[in-house]
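Notes follow the structure.
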Amino acid sequence: MSSAEIALPEKDRLPNLFVIGAPKCGTTTMFSYLSNHPDISPSIVKEPAFFDKDRNFSEQNDVLYDALLGYLEMFPENNCRYRLDATPCFAFPKVANRIGRLCGNESKFIFLIRDPVDRALSHYWHAYKLGLQMGDVENEIFDEYNGADICDTGKFPKNFLLNGLYSMHMERFKKYFGKDAMHLINFDDFVNSPEEEMVKLFKFLGLKEIEISSSKINASQMPLFPGLQRFLEQQ
């Protein structure tokens, strides 16, 4: 059954606020801050990872009914103004189209960006610690395939450099939703002045300001003992 044929009594449970990228740019901290706002209802898990998975959609890009029902279970029933999905998967080419078709064009998007080299290295070491990366960092990053598409591997996205081509990916969302639906935050500004950046964000969302509890941004670093780290992560 395609999305065009689905009548959804639960349609008001679909998300309308997305922290859409990029990986290793502070999205976990952003999710925590937003989840504390009384007018925002977050998904049960931070990253439902629904719109980037081909298995949830038909070849015509229509959502599959059973997959959609599982996705809706991620969002509690309430009357909050925003329902939040914070999956940093915006580099996948089909995501913007899928969100637009399923959730409508009134959605809001938050983009966190970071120096592309720093982001790529942090992304690589995060994958390394998870046991998903085996090779040498220089070869893995700088020999990366420079294609226009990113295939869904079902694992942590491996495209370290391509994830950092922000303007190319954001253009897809601008096409479907317009620039006024997007709010851009620089990682360094978010680290150094989180309260100030959240004030700007709440204004963009049309929400009242709330105090946030500043915490360290989640960032991956080179492990001191790589072999031991990998062994522990795989247990």
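Structural remarks
- Three-way shape label, the range 166-212, alpha-carbon gyration tensor, a/c 1.5: oblate
- 12 Å reach of a label modelled at Lys179, 7 Å along Cα-to-Cβ, counting backbone N of the range 11-26: none
- Efficiency of FRET from Cβ geometry, Glu171 and Asp115, R₀ 35 Å, rounded to 0.05: 0.95
- Heavy atoms of Leu184 accessible to a 1.4 Å probe, total area in Å² rounded to 10: 90 Å²
The values are calculated or read from the model by the stated rules, or taken from the named source; none is laboratory data. Because the structure is predicted, anything quoted here is derived from the model rather than measured. Backbone-built Cβ (ideal geometry, glycine too); neighbour counts: all protein chains shown. These area figures cover heavy atoms from the full protein model, side chains too; ligands, DNA and RNA do not enter into them. Shrake-Rupley method; radii C 1.70, N 1.55, O 1.52, S 1.80 Å.
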